[in-house]
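Working notes, beginning with the structure itself.
The values are calculated or read from the model by the stated rules, or taken from the named source; none is laboratory data. Not measured: the values here are computed from a predicted model. So basically every Cβ, Gly included, is an ideal-geometry build from the backbone, and we count neighbours across all protein chains shown. Each accessible area value is taken on the protein alone, full model and side chains, heavy atoms only, with ligands, DNA and RNA left out. Shrake-Rupley method; radii C 1.70, N 1.55, O 1.52, S 1.80 Å.
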Amino acid sequence: MKKILSIALVLALVLGSFATVFAADFTDVKDSDKFNEAVNVLTGLGIVSGYPDGTYKPNKVVTRAEMAALIINSLGLTVSGRSATPFSDVSESHWASGFIAYAASLNIIKGYPDGTFKPGNTVSYNEALAMIINALGYTPEALVGGWPGAYVNKARGLGILDTCKMTGSDGANRGDIACYLYDSLDCPLGKTDKNGNFNP
């Protein structure tokens, strides 16, 4: 799996320099938009997609289920179908059950104390950053501080907030999430050992 992830990231880095090759020509994404390059590159890599009417809807908020799918896609992992999940409110018939189950198995996403995931809820900027940091291989033991500051600070240090500087509890939109994912493409993947040290 590490080899697959490495190849995906190298490919993304190489292609990231040629965003114009992937120009998706969404009617609501202008060249001057901060998320323009991110949307174009991620579309070309098959990580994000637009709508049948030719729009990307950059201001549309992202749900927790959608964020789980975006993370799995960003890692270059394949979900073959729907799957049982550990969450009481995500049945196997849910469209994102395969993504959610996979993300949960990798400790990328967490549920709530009552055993739910709330897939239809809006994902906040802080939650999205935490999912990305988890996906890179960091655990709470490898971070300094508590929620959400530890994740925000790590994201800032890794450059994930270079293009989109938004953080907080507000709902994250598709344009900003694209920036997060794009800026995380060249971050090292790794694993946190039992002593809390992150090893790329």
**Request:** Could you list all residues from the range 99-112 that are closer than 29 Å to ASN197 by Cβ, surrounded by fewer than 20 Cβ atoms within 10 Å (Cβ to Cβ) and not aliphatic (A, V, I, L, M)?
**Result:** SER105, ASN107, LYS110, GLY111
**Item:** Inter-residue pairs, beta-carbon under 8 Å, first under 14 Å from LEU189 (Cα atoms) and open to solvent by 20 Å² or more (accessible area, probe 1.4 Å) and in the range 62-77, second polar (S, T, N, Q) and at pLDDT 95 or above, 6+ apart
**Value:** SER74/SER184
**Prompt:** Applying the selection to the range 120-154, what residues are within 20 Å of ASN199 (Cβ to Cβ), touching a Cys at 6+ places or on another chain (Cβ under 9 Å) and either open to solvent by 20 Å² or more (accessible area, probe 1.4 Å) or not β-branched (Val, Ile, Thr) (or both)?
**Reply:** LEU136
**Fill in**
Checked the range 156-181 for anything open to solvent by 50 Å² or more (accessible area, probe 1.4 Å) and not in a loop (DSSP other than H, G, I, E, B); matches are ARG156, GLY157
**Request:** Could you please find all residues in the range 125-155 being among the polar types (S, T, N, Q) and in a loop (DSSP other than H, G, I, E, B)?
**Result:** THR139
**Item:** Cβ-Cβ under 6 Å pairs, at least 6 apart or on other chains, the range 36-55 side more than 10 Å from PHE26 (Cα to Cα) and open to solvent by 30 Å² or more (accessible area, probe 1.4 Å), far side part of a loop (DSSP other than H, G, I, E, B) and not polar (S, T, N, Q)
**Value:** THR43/ALA24
**Asked** So is ALA104 touching a Ser or Thr at 6+ places or on another chain (Cβ under 7 Å) and either in contact (Cβ under 8 Å) with a residue 24 or more places away in the chain or assigned to a helix (DSSP H, G or I) (or both) or not?
**Response** yes
